[in-house]
Amino acid sequence: MKLKSRRIILVLMALVGVAAWVLVNPASYETVLTQAEDEGVDYAAEAVTEVNPDAPLATEILEKLEVKGRAPKTGYSREEFYKNWPTVDGCSLRQRIIKREFGDTAVLDGCNVVAGEFDEPYTGEHRVFTEKSQISKIQIDHVVALSDAWQKGAQYMEKEVRYKIATDPLNLLAVDGPANEQKSDGDAATWLPTNKKFRCQYVARQVSVKYKYALWVTDAEKEAMANVLINCPQEPAIGV
């Protein structure tokens, strides 16, 4: 009963927060063109979690990826992709991704998510946040790590394309900090979420990002991805 009551309170707080924000900025949740969107980045963060019934299967997309060896890491830095989270309709992309993951439980203070709850994907644990300081510990993970992308094609692309890889909501998840740090810049051959129930979605998202931006996979990586997807052959690709 305590958990149910807490959820009800969080939802009510979320509704009040959203209502207040919309009154101050009624266009905040409309689809509008921003400078970032003009640069060709799709910031419809909510859309990437929706399943397209006509989407190809992740296994089909995996077979379309080029298989090559890892290129040298020479010259890599995060600034080769981006410097800071972009602002979208006046709100940081980081906050938008957290709001996407918290869903209806997100309590807003302006653009900032200050409370809420979600099922953390990498550990599978249900996390409840009641203070802004707690939320600051959430990390936004690049599902395809930027270093991995760099070594599998991105270093040969225009900087504008690398910027899209780094800021595309398809490639971003709000996750547990320690789990993200454990992953580091690993690919599917070296790291998978301890939450086995999420592995199919995780690999499907990696495959989708790599296909969207023409990044390749190594032999070991492709084998690891295929070993995960063999358990969920109907897993759809995302945003493809």
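The values are calculated or read from the model by the stated rules, or taken from the named source; none is laboratory data. Because the structure is predicted, anything quoted here is derived from the model rather than measured. Here the Cβ is made from the backbone with ideal geometry for all residues, glycine too, and neighbour counts use every protein chain on show. The protein model used for the area step is the full one, side chains on, heavy atoms only, and it has no ligands, DNA or RNA in it. Shrake-Rupley method; radii C 1.70, N 1.55, O 1.52, S 1.80 Å.
Summary table
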item	result
Label point distance in nm, Asn52-Ala226, each placed 7 Å from Cα along Cα→Cβ	2.5 nm
Rounded percent of accessible protein surface that carbon and sulfur make up, region 182-240, 1.4 Å probe	49 percent
Approximate spin-label separation Glu63-Glu158, in nm, with each point projected 7 Å along Cα-to-Cβ	3.3 nm
Neighbour-limited loop hits for GluC sites (Glu not before Pro), region 133-184 (at most 14 other Cβ within 10 Å; DSSP other than H, G, I, E, B)	Glu158
Ratio Rg/Rh [Cα only; Rh per Kirkwood] for region 66-139	1.12
Rg to Rh quotient for region 171-240, alpha carbon positions, Kirkwood Rh	0.93
